[in-house]
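Heads up, the thing below is written out as structure tokens.
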Amino acid sequence: MGERLDGTVALVTGASSGLGEATARALAAQGAAVAIVARRADRLKRLAGELEGAGARVLVVPADITDRSRAFEAVERVAAELGRLDIVVNNAGVMLNGPIEGAPIEEWERMVSINVLGLLYVAHASLPHLLRAAEQPPRRVADMVNISSIAGRFANRGAGVYNLTKFGVNAFSESLRQEVTRRRVRVSVVEPGVVQTELFGHQRQETQEHYEKLFGHLEQLFPTDIAEAIEYIVTRPRRVAVNEILVRPTDQV
């Protein structure tokens, strides 16, 4: 049995859709106050209305986490207005795949900005708050969950820079885990396979068509499947750290 999150505060980036939205719902259902962070304020407000209608405490924080000052301000606002910060889910990300040769360099820059720098900014700003929360009731433990990908474990042709960003997320997470685990801040990575989200829709038409041929036949995961994995991680007893979860559709090779 997991432990409820009553009296805690969770921050979820990329919360306006997909995995982030599903995760915010799951953590709110466990009793956490939830700060939802993304660029699309209209979607955040709609989600907040639904969660508040179910009795949750929600803070809407419109922010582009690729802007360092705005990422830092977002974290500080959450800690100030909700009083603490116990859980951070670094979910915001983008996938813009295609051959390395002749690729638009702007796509590479966007992936690095969101998948790596945005995650680092939020991690840097939130770590002092997590360390403090780990010393306090009700749980005396805190969590950072970084959303990586199966692409963080296996490099594939046509996904070179996306692979780079997700391998980086894994490496950073493990290094940070070793640094803070004895201070009761648990650092975890979740590595989804193919999930039904907007991620594939961000790509160029030819790349979308390529991935439709590769994965269109799969019974793909739902965002709730990944949210349940995150919920599992952060509701473990203080003595249990789940460092890594890889979740794939059953028929994904």
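Separation of the range 1-72 and the range 136-195 by C-alpha centroid, Å?
If you average the Cα positions of each part, the centres end up 19 Å apart.
Tell me, in nm to one decimal, what length is gained between Val247 and Arg157 on full extension, where the rule is 0.36 nm per residue of separation less the Cα-Cα distance?
Gain on extension, Val247 to Arg157, equals 30.3 nm.
Quick query: amide H of Arg39 versus all other amide H atoms, modeled in the peptide plane; which residues come in under 5 Å with a sequence gap of 5 or more or a different chain?
Amide H neighbours of Arg39, under 5 Å, 5+ apart: Ala63.
Pull out the extension gain between Arg132 and Glu106, defined as 0.36 nm times the separation in residues minus the alpha carbon to alpha carbon distance; nm, one decimal. Don't skip to the end; give the middle numbers.
Numbers: separation 26, 0.36 × 26 = 9.36 nm, distance 3.84 nm.
So the chain would gain 5.5 nm between Arg132 and Glu106.
Assuming R0 = 35 Å, can you tell me the calculated FRET efficiency for the pair Arg239 and Arg46, based on Cβ-Cβ distance, to the nearest 0.05?
Details: r = 38 Å, r/R0 = 1.10.
About 0.35, to the nearest 0.05.
What are the ³J(HN,Hα) couplings of the range 135-149, residue after residue, when phi is run through the Karplus curve with 6.51, -1.76, 1.60 and θ = phi - 60°? Round to Hz, x for glycine and proline.
Values per residue, Gly and Pro as x: 9, 10, x, x, 9, 6, 7, 9, 9, 10, 10, 9, 8, 9, 5 Hz.
With contacts defined as alpha carbon pairs under 8 Å and 6 or more residues apart, what's the relative contact order of the range 1-113 in percent? Before the final figure, lay out each step's value.
Values: 181 pairs, mean separation 31.7, N = 113.
Reported relative contact order: 28 percent.
In a Gaussian network model over the chain where Cα atoms closer than 10 Å are linked, find which of Val122, Val34, Val240 has the largest mean-square fluctuation.
Val240
Given H placed 1.01 Å from N in the peptide plane, which residues other than close sequence neighbours of Val88 have an amide H under 5 Å from its amide H?
Sorted by chain and number, the residues that satisfy this are Leu11, Asp143, Met144, Val145.
Please give the charge dipole size of the chain, origin at the Cα centre, charges +1 on K and R Cβ atoms and -1 on D and E Cβ atoms. Round to the nearest 20 debye. The partial results should precede the final answer.
Details: 30 positive and 31 negative charges, 197 e Å.
Dipole magnitude for the chain comes out near 940 debye.
Expressed as an acute angle from 0 to 90° and rounded to the nearest 10, what is the orientation of the C-alpha long axis of helix 68-82 relative to the principal long axis of the chain?
So the helix axis and the longest Cα principal axis differ by about 30 degrees.
Please report the relative contact order for the range 9-245, taking Cα pairs under 8 Å with a sequence separation of at least 6, and give it as a percent rounded to a whole number.
20
What is the helix-to-structure angle for 119-133, meaning the angle in degrees between its Cα long axis and the longest Cα principal axis of the chain, kept from 0 to 90 and rounded to the nearest 10?
20
How do the peptides 20-30, 173-183 rank, highest first, by the average count of neighbouring beta carbon atoms within 10 Å per residue? Kindly include the intermediate steps, with their values, before the conclusion.
On the way: 20-30: 25.5, 173-183: 14.0.
By packing density, highest mean first, the sequence is 20-30, 173-183.
Which three numbers, in whole Å and largest first, are the semi-axes of the equivalent ellipsoid of the range 82-208 derived from its Cα gyration tensor as √(5λ)?
31, 13, 12
Only the coordinates and a few stated rules stand behind these numbers; no lab work does. These numbers were taken from a predicted model, which means no experiment stands behind them. Reconstructed Cβ throughout: ideal geometry from the backbone, glycine too, with neighbour counts over all protein chains shown.
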